[in-house]
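The values are calculated or read from the model by the stated rules, or taken from the named source; none is laboratory data. Predicted, not measured: the structure shown is a model, and the values here were computed from it. Heads up, the Cβs are rebuilt from the backbone with ideal geometry, glycines too, and the neighbour counts pull from every protein chain shown.
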Amino acid sequence: EAQVTQNPRYLITVTGKKLTVTCSQNMNHEYMSWYRQDPGLGLRQIYYSMNVEVTDKGDVPEGYKVSRKEKRNFPLILESPSPNQTSLYFCASSYSLRSSYNEQFFGPGTRLTVL
Amino acid sequence: AQKVTQAQTEISVVEKEDVTLDCVYETRDTTYYLFWYKQPPSGELVFLIRRNSFDEQNEISGRYSWNFQKSTSSFNFTITASQVVDSAVYFCALSSSGSARQLTFGSGTQLTVLP
């Protein structure tokens, strides 16, 4: 089944404790992206990757890191989480964004709480 | 820069009523794509429709219909004979050729359908 998976789905952590949220897609998509969803703000892009070893900042990259060593995986790293990073996070992928026609497939979301 | 505005934060209707969700967008590009996503209480994002800027034909899919008007930069979504299962947050989103990396979301409309 074609899908985007994220782990963990739920995470409660404390300020400053490094964490990684994994994202994996099985559709051989070139493009992957991370979004955060906050009430009243919709989804905002954190980072995106056009292909392996190619990443770039979205609208709200501060406090996050990403890497794209393999085509299928795009982990989101919070080196020193803070309470303002408490949010619902979505990973997405699409075949290519050379054409913005391509629909983005979203993972199930990761609900992160930073105490 | 591109922007999507969903002015209706919350809408509440009684089952079987028709409801229209508004979406107004801004972009300088002549080629762009508009999307609607549904987010049910379970949290996942469900793709509903994609429309490109060159196709102003309205679309109907069962009880769902979409009205795209370039003259007013709007892409409104109507649910006919609403059902309780339609209760969800609905997001309108925009992807422009000039910023193909990015899917810009509106802030979402929470639709509640009462029995």
Single condition residue A:32 does not satisfy, out of (1) in a strand (DSSP E or B); (2) more than 10 Å from the chain's Cα centre (by Cα): (2)
Some residue of the range A:2-9 being of a type outside the set (Ser, Thr, Tyr) and touching a Pro at 6+ places or on another chain (Cβ under 7 Å): yes
Matching residues in the range B:16-72 - criterion: being within 14 Å of chain A (Cβ to nearest Cβ), among the aromatic types (Phe, Trp, Tyr) and in a strand (DSSP E or B): B:25, B:32, B:33, B:35, B:36, B:37, B:47
Search result, residues across the range A:14-46 that are β-branched (Val, Ile, Thr) and crowded, with 18+ Cβ neighbours inside 10 Å: A:21, A:46
Scope the range B:86-115; condition in contact (Cβ under 8 Å) with a residue 24 or more places away in the chain and either away from every other protein chain (no Cβ under 14 Å) or assigned to a loop (DSSP other than H, G, I, E, B) (or both); matching residues: B:86, B:87, B:102, B:103, B:106, B:107, B:108, B:111, B:112, B:113, B:114, B:115
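Picking from A:89, A:10, A:35, which residue would you name as being closer than 24 Å to residue B:29 by Cα and among the hydroxyl-bearing types (Ser, Thr, Tyr)? Give the derivation first.
Working: A:89 fails: closer than 24 Å to residue B:29 by Cα; A:10 fails: closer than 24 Å to residue B:29 by Cα.
Just one listed residue meets the conditions, A:35.
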Residue tally, condition in contact (Cβ under 8 Å) with a residue 24 or more places away in the chain and more than 8 Å from chain B (Cβ to nearest Cβ), over the range A:36-64: 8
From A:49, A:93, residue being small (Gly, Ala, Ser), more than 22 Å from residue B:39 (Cβ to Cβ) and surrounded by 19 or more Cβ atoms within 10 Å (Cβ to Cβ): A:49
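Taking only the range B:1-19 into account, find how many residues are surrounded by fewer than 16 Cβ atoms within 10 Å (Cβ to Cβ) and closer than 21 Å to residue A:40 by Cβ.
Filtering the range B:1-19 down to residues surrounded by fewer than 16 Cβ atoms within 10 Å (Cβ to Cβ) leaves B:1, B:3, B:5, B:7, B:9-10, B:12, B:14-18.
The next check asks that each one be closer than 21 Å to residue A:40 by Cβ; those that pass are B:1, B:3, B:5, B:7, B:9-10, B:12.
Qualifying residue count for the region: 7.
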Selection count where residues are closer than 15 Å to residue B:22 by Cα and surrounded by 16 or more Cβ atoms within 10 Å (Cβ to Cβ), scope the range B:52-66: 3
Check on residue A:67, under 12 Å from the mean Cα position of the chain (by Cα) and touching a residue at least 12 places away in the same chain (Cβ under 8 Å): yes
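Return the residues of the range A:57-115 that are hydroxyl-bearing (Ser, Thr, Tyr), over 17 Å from residue A:13 (Cα atoms) and at pLDDT 95 or above; say none if nothing qualifies.
The initial filter retains those residues of the range A:57-115 that are hydroxyl-bearing (Ser, Thr, Tyr), namely A:64, A:67, A:80, A:82, A:86-87, A:89, A:93-96, A:99-101, A:110, A:113.
Narrowing the set further to residues that are over 17 Å from residue A:13 (Cα atoms) leaves A:67, A:93-96, A:99-101.
Within the range A:57-115, just A:67 meets the criteria.
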Every residue from the range B:12-45 that is more than 11 Å from the chain's Cα centre (by Cα) and within 19 Å of residue A:38 (Cα to Cα): B:39, B:40, B:41, B:42, B:43, B:44, B:45
